[in-house]
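The values are calculated or read from the model by the stated rules, or taken from the named source; none is laboratory data. Everything numeric here is computed off the predicted structure, so don't read it as measured data. As a convention, Cβ positions derive from the backbone with ideal geometry for all residues, glycine included, and neighbour counts pool all protein chains shown. Heavy atoms of the whole protein, side chains included, go into the accessibility calculation; ligands, DNA and RNA do not. Shrake-Rupley method; radii C 1.70, N 1.55, O 1.52, S 1.80 Å.
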Amino acid sequence: MYPSALHLVRYGFLNAVADFKATYTWRSWLFGWLGRMFAQVLFFTGLGRVLDQPGAVRYLALGNALMTCVVDTMAVVATTSGERRAGTLSLLVASPADPVWVFVGRSLHWPISGVATASAALFGLGPIFGITWSASQVPLVVLLTALTALGTYCVGLFLAVVVVNVPRLRNVVSNCAYLAMMAFCGVQVPVGFWPRGIQAVVQAVPLTHTLRALRAVSDNRPAADVFGPVVPALLTAGLWLIAAVVTFRWLVAVPARRAGTLDLSY
Amino acid sequence: MSLFLVSLRFQLRLAPRSPGTLQVWATAPLFTAVFLSIAEHAGRTDLTSYAIVAPTLMGQWALALGIAGELITEERSQGTLEAMIATPCRLSVVVVGRICAVSLLGITAMAEAWLVAGLGFGRWIAVPHPFVLGAALLANAAAMAGTASILSSLFVLMPSARIVQNTLNYPLYLLSGVLVPLSTLPGWLRPFGRLVFLSWSADLFRDALDGAAVSGPAARIAVVALLGLSGYVIGALLLARVLRRVRRLGTLTHT
């Protein structure tokens, strides 16, 4: 009997944990990675300090603090294409188990790290810029951060599948993707600043909706403003996951199997 | 000098096809869009030069740091590091020549940023002090190569340079006022920022794109060059020391 999808995700996750432990110690994560991400938040927020625009610093700090979990999570693109570099992609595709579920579990350490990073930035750096949270808001903030990370993970999985045949572009694609989100999804300026075409496109990105919800929590707006964006965030995340599964099965694995080129196009 | 030029030419041939260069070319317009949107949204069109200078320096530094790390790692993985070190040529000159090549190539990020500001936001920035800008760009490229060479020696000892590369960027950008002048940093932090050549380069670039006269350009360019030279000397000494150590221990290919 073949393992179920849930088992495959679990095995993939165990790999992810091992991978994370091989990459970071708690010291290098805390003082290296977290320090770097805090510096990134301060860097972008720094521009707000010369703007002389009321609320600009707070707006930038909140957006960039949540953005840290997107940056962290987009590492899924690199780790997924790492299967090809490691020579294990052919084995995964050849096995009777569905490799897509392996991929889903394989990089789960990034969204988990992302939630920790963004939570530290929101609760640790936020108060410096006037972003304070009441105790009752804390679970909601963590939940929205987790939803951002998982939504971004689905986007990242799709991009990972797309670049699995050109792994040398993995970092280019993941960096461009998160910078595009940073520019257009309401992190630095409201989405309404951009032309209508861009406003329409970013509705497909979970971050756009979760960030809107987080800003609503921060501004103590009514529950409808907070929970309203959660639905499109979940919906778009699900669609990105489906797109990743379909793309891998029918546009990557099947043609590469037929052509026998799964390991040749690196 | 010929070794330096050969190394520079060699890297200039490799660089345009490398993913690192592609990444800088792809991300510079996005960084420009990020910075410009913030300035434009606040109605601060006077900050357009900030949005051009920051992606340039960030792109150049990312390229310099990238090659400083990958140079050693790649030579090691190809099995050519021992041969390089066995030759009578100075490795530090090869390292600086190759980093200098990508730093010079990184200047193209400024052209990209300038085009994004013009085409995307309708802000065509004039260059009122072209000679100051040209001299500052060249001095900055040289200083970048000298400073990044310090890290090359570190990367000889480290199995993976990637984490260090990823960790160093933003703290350095923040400390050296790449995006906004050092005056926005807390007072106690500013002297540290002044020790980094990037802070002098960023100020010079911004001033060269501003209509007002640039004060003391020659002295400031000399400071950039001097800091870069100090970086090169430290890098060369460190590299010689590290190489002596790994030769003695026989761990050149193991670390």
Determine, yes or no, whether A:Arg10 is open to solvent by 10 Å² or more (accessible area, probe 1.4 Å) and in contact (Cβ under 8 Å) with a residue 40 or more places away in the chain. yes
Checklist (1) open to solvent by 60 Å² or more (accessible area, probe 1.4 Å); (2) in a helix (DSSP H, G or I); (3) out of contact with any helix residue (DSSP H, G or I) (no Cβ under 6 Å at 6 or more places or on another chain) applied to B:Ala222, failing item: (1)
Unmet requirement for B:Asp46, which otherwise passes all of (1) of a type outside the set (Gly, Ala, Ser); (2) out of contact with any Phe, Trp or Tyr (no Cβ under 9 Å at 6 or more places or on another chain); (3) within 20 Å of B:Gly177 (Cβ to Cβ); (4) within 9 Å of chain A (Cβ to nearest Cβ): (4)
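For segment A:151-265, which fully contained helices (runs of 4 or more DSSP H) count at least 2 residues that are at negative phi and within 14 Å of chain B (Cβ to nearest Cβ)?
A:170-184, A:196-201
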A:Thr117 is checked against (1) farther than 15 Å from A:Thr152 by Cβ; (2) in a helix (DSSP H, G or I) and fails just one. What number does that condition carry? (1)
Can you pull out the helices (runs of 4 or more DSSP H) entirely within segment B:1-108 that have at least 2 residues that are closer than 22 Å to A:Leu169 by Cα? B:2-14, B:19-41, B:48-77, B:91-105
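Among the residues in segment B:204-218, are any of a type in the set (Phe, Trp, Tyr), crowded, with 20+ Cβ neighbours inside 10 Å and under 21 Å from B:Ala126 (Cα atoms)?
At the first step, the residues of segment B:204-218 found to be of a type in the set (Phe, Trp, Tyr) are B:205.
Still in the list and also crowded, with 20+ Cβ neighbours inside 10 Å: B:205.
Going one step further and asking which of them are under 21 Å from B:Ala126 (Cα atoms), we end up with B:205.
So far as segment B:204-218 goes, yes, one or more of its residues are of a type in the set (Phe, Trp, Tyr), crowded, with 20+ Cβ neighbours inside 10 Å and under 21 Å from B:Ala126 (Cα atoms).
The rows are residues; the columns are (1) of a type outside the set (Val, Ile, Thr); (2) under 24 Å from A:Gly124 (Cα atoms).
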position: A:Leu8; (1), (2): yes, no
position: A:Leu14; (1), (2): yes, no
position: A:Arg36; (1), (2): yes, yes
position: A:Ala39; (1), (2): yes, yes
position: A:Leu47; (1), (2): yes, yes
position: A:Val50; (1), (2): no, yes
Kindly evaluate A:Gly12 against the criterion of being modelled with pLDDT under 90, in a helix (DSSP H, G or I), on the phi < 0 side of the Ramachandran plot and at the interface with chain B (Cβ under 10 Å from one of its Cβ atoms). no
Specify the residue that is nearest to the chain's Cα centre (by Cα); the eligible residues are those in segment A:56-104 that are part of a loop (DSSP other than H, G, I, E, B) and either of a type in the set (A, V, I, L, M) or under 17 Å from A:Phe13 (Cβ atoms) (or both). A:Met74
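Just wondering, is there one or more residues in segment A:30-39 that are without any contact (Cβ under 8 Å) to a residue 12 or more places away in the chain and away from chain B (no Cβ under 14 Å)? It would help to see each step written out before you state the result.
In the first step, residues of segment A:30-39 are kept if they are without any contact (Cβ under 8 Å) to a residue 12 or more places away in the chain; the result is A:30-32, A:35-36, A:39.
The next check asks that each one be away from chain B (no Cβ under 14 Å); those that pass are none.
So far as segment A:30-39 goes, no, none of its residues is without any contact (Cβ under 8 Å) to a residue 12 or more places away in the chain and away from chain B (no Cβ under 14 Å).
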So is B:Leu175 touching a residue at least 60 places away in the same chain (Cβ under 8 Å) and open to solvent by less than 50 Å² (accessible area, probe 1.4 Å) or not? no
